[in-house]
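Asker: Can you read through this structure? Questions will come right after.
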Amino acid sequence: MSKRDFYEVLGVSKGADEREIKKAYKRLAMKYHPDRNQGDAASEEKFKEVKEAYEVLTDENLRARYDQYGHAGVDQSQGGGHGGGADFGDIFGDVFGDIFGGRGGGRRGPARGSDLRYNMELTLEEAVRGVSKEIKIPTQVHCEVCNGSGAHTGSQAHTCPTCHGSGQVQMRQGFFAVQQACPHCHGRGKIIKDPCRKCHGEGRYQKTKTLSVKIPAGVDTGDRIRLSGEGEAGEAGAPAGDLYVQVHVKEHEIFVRDGNDLYCEVPISFTTAALGGEIEVPTLDGRVKLKVTAETQTGKLFRLRGKGVKSVRSGQVGDLMCKVVIETPVKLTETQKDLLRQLDESFSGAAAKTHKPKSEGFFEGVKRFFDDLTK
Ligand SMILES: [Zn+2]
Ligand SMILES: [Zn+2]
């Protein structure tokens, strides 16, 4: 069975600090504590789950490993070694396919391998253009020595005499008959008398696998890419789980992304803003010229069509929105200050209505507001 997410178990967010985690743990531990729930197996399981989540999330190292690799990062001690590059021919058929869809049917026989999660950080450029990355994941891999059977070369696994191969037995609990994993073969349905030396009868073993992952162009934070069958190998030849690569795009120095559109801020001089002119603005493909119209106010957005991001799903291309911000000149010389005072003089008095309509309108409004107050 797949394990639940530790953050979910404690009911806290991924960014929760130690204090929040402790608080959540205390509350849940009280609720499920065995002393308060004598003989209740479900509560006992909950208590164990909560305790494990707490132990991992309050240990800085373990938490970092868990965040990066999921359960596989903290479940077992690591084996060494390298895997070969995998063949990813058919993976992208189900990019963004159904995520964690229901896998019906009760547990019977050897367990399917767990799904794994890998958090991948990308720069904006990588996310926009697509990239191939090599990743290392600690996981369970198929044992090639016994070909997953768990039996030593030349020997065979035998059908479990207790459950006759079903992996399950019926137990009575009070009035109820409950199906449980067979205690003799641990739910596998088979008994291995002479286990494989490499995997000790598990049919799989712990190894850090190296994979090359191709990220399609246009992905964004929150996108998940499924690599079928690249999760943990199953027990004794059962199917492997899937690997989910969770994309996180790092903040960019210049651009902010919103869906397929990119936003950036460009400073312009107040002279250019007033008189109009041409400025250079950055795009992901280099600089382009942008015509600033005369009498441009600060904060105005200029749209550059087709200079945004191409959507990984629809193929539509977004726009680049450039917000111009007027830069007030600094470290002025006496001459410059003088010129500005002269300029300002030309705006005042009767000319103000023509040259500064916004300021005029605003101050008239303010005046009316105070006049009304004093009436
Ligand atoms: Zn083996
Ligand atoms: Zn059995």
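Asker: Looking at S149, S166, S132, which one is buried (at least 16 other Cβ atoms within 10 Å of the Cβ), among the polar types (S, T, N, Q) and away from ligand 2 (no atom under 16 Å from the Cβ)?
Answerer: Working: S166 fails: away from ligand 2 (no atom under 16 Å from the Cβ); S132 fails: buried (at least 16 other Cβ atoms within 10 Å of the Cβ).
Step by step, each of S149, S166, S132 is checked, and only S149 is buried (at least 16 other Cβ atoms within 10 Å of the Cβ), among the polar types (S, T, N, Q) and away from ligand 2 (no atom under 16 Å from the Cβ).
Asker: Take the residues in the stretch 192-219 that are more than 14 Å from ligand 1 (Cβ to nearest atom), surrounded by 17 or more Cβ atoms within 10 Å (Cβ to Cβ) and aliphatic (A, V, I, L, M); name whichever of them is nearest to E235 (Cα to Cα).
Answerer: Result: L211.
Asker: Right, next: Suppose we keep only residues that are within 18 Å of the chain's Cα centre (by Cα) and surrounded by 11 or more Cβ atoms within 10 Å (Cβ to Cβ) within the stretch 12-46. Which one would you say is farthest from L62 (Cα to Cα)?
Answerer: Among residues in the stretch 12-46 that are within 18 Å of the chain's Cα centre (by Cα) and surrounded by 11 or more Cβ atoms within 10 Å (Cβ to Cβ), the one farthest from L62 (Cα to Cα) is V12.
Asker: Answer with yes or no whether L320 is touching a Lys or Arg at 6+ places or on another chain (Cβ under 9 Å) and closer than 30 Å to I135 by Cβ.
Answerer: The answer is no for L320.
Asker: Residues being under 20 Å from A238 (Cβ atoms), surrounded by fewer than 18 Cβ atoms within 10 Å (Cβ to Cβ) and within 14 Å of ligand 2 (Cβ to nearest atom): count how many of those fall in the stretch 152-163.
Answerer: 3
Asker: Can you find, within the stretch 108-129, the residue that is farthest from the chain's Cα centre (by Cα) among those that are charged (D, E, K, R) and away from ligand 2 (no atom under 16 Å from the Cβ)? Explain how you work it out, then say what you get.
Answerer: Just the residues of the stretch 108-129 that are charged (D, E, K, R), to begin with: 108, 112, 115, 117, 121, 125-126, 129.
Now restrict to residues that are away from ligand 2 (no atom under 16 Å from the Cβ): 112, 115, 117, 121, 125-126, 129.
Values: R112: 24, D115: 15, R117: 9, E121: 8, E125: 17, E126: 15, R129: 18 Å.
My answer is R112.
Asker: So I191 passes all but one of these: (1) within 16 Å of ligand 2 (Cβ to nearest atom); (2) assigned to a loop (DSSP other than H, G, I, E, B). Which condition number does it fail?
Answerer: (2)
Asker: Among the residues that make up the stretch 287-300, is at least one of them surrounded by 18 or more Cβ atoms within 10 Å (Cβ to Cβ) and in contact with a Leu (Cβ under 6 Å, 6 or more places away or on another chain)?
Answerer: There is no residue in the stretch 287-300 that is surrounded by 18 or more Cβ atoms within 10 Å (Cβ to Cβ) and in contact with a Leu (Cβ under 6 Å, 6 or more places away or on another chain).
Asker: Take the conditions part of a loop (DSSP other than H, G, I, E, B) and either assigned by the TED database to the domain that holds A127 or within 16 Å of ligand 2 (Cβ to nearest atom) (or both) and apply them to T208. Does it pass?
Answerer: So T208 does not fit the description; no.
Asker: If the Cβ limit is 8 Å and pairs must be 6+ apart or interchain, which residue in the stretch 352-373 that is of a type in the set (A, V, I, L, M, F, W, C) pairs with which residue that is in a helix (DSSP H, G or I)?
Answerer: A352/S359; A352/E360
Asker: Identify, by number, the condition in (1) within 19 Å of G130 (Cα to Cα); (2) in the same structural domain as I135 (by the TED database) that K307 doesn't meet.
Answerer: Against the list (1) within 19 Å of G130 (Cα to Cα); (2) in the same structural domain as I135 (by the TED database), K307 comes up short only on (2).
Asker: Given the conditions (1) more than 16 Å from ligand 1 (Cβ to nearest atom); (2) surrounded by fewer than 22 Cβ atoms within 10 Å (Cβ to Cβ), and given that L243 satisfies all but one, which numbered condition is not satisfied?
Answerer: (2)
Asker: Show me the strands (runs of 3 or more DSSP E) entirely contained within the stretch 212-303 in which 3 or more residues are closer than 30 Å to K3 by Cα.
Answerer: Details: elements: 224-227, 243-249, 256-258, 261-269, 277-283, 286-292.
Fully inside the stretch 212-303 and qualifying: 224-227, 243-249.
Asker: Return the residues of the stretch 141-175 that are closer than 18 Å to G189 by Cα, more than 41 Å from the chain's Cα centre (by Cα) and more than 16 Å from ligand 1 (Cβ to nearest atom); say none if nothing qualifies.
Answerer: H158, T159, C160, P161, T162, C163, H164, Q170, M171
Asker: Looking only at the stretch 304-315, which residues are farther than 20 Å from E280 by Cβ and in a loop (DSSP other than H, G, I, E, B)?
Answerer: The initial filter retains those residues of the stretch 304-315 that are farther than 20 Å from E280 by Cβ, namely 309-315.
Residues satisfying the conditions are V309, S311, V312, R313, S314, G315.
Asker: While we're on this one: List every residue pair whose Cβ atoms lie under 7 Å apart, where the two residues are 6 or more positions apart in sequence or sit on different chains, the first residue falls within the stretch 25-51 and is among the hydroxyl-bearing types (S, T, Y), and the second residue, located anywhere, is in a loop (DSSP other than H, G, I, E, B).
Answerer: S43/N37
Asker: On to the next question. Test R303 against the stated conditions and say whether it is in contact (Cβ under 8 Å) with a residue 60 or more places away in the chain and among the charged types (D, E, K, R).
Answerer: No.
Asker: Just name the residue that is farthest from G148 (Cα to Cα) out of those in the stretch 172-188 that are touching a residue at least 40 places away in the same chain (Cβ under 8 Å) and assigned to a loop (DSSP other than H, G, I, E, B).
Answerer: Among those residues, the one meeting the criterion is G187.
The values are calculated or read from the model by the stated rules, or taken from the named source; none is laboratory data. None of these values were measured; they are calculated from a predicted model. When we count neighbours, we look across all protein chains shown, and the Cβ atoms used for this are built from the backbone with ideal geometry, even at glycine.
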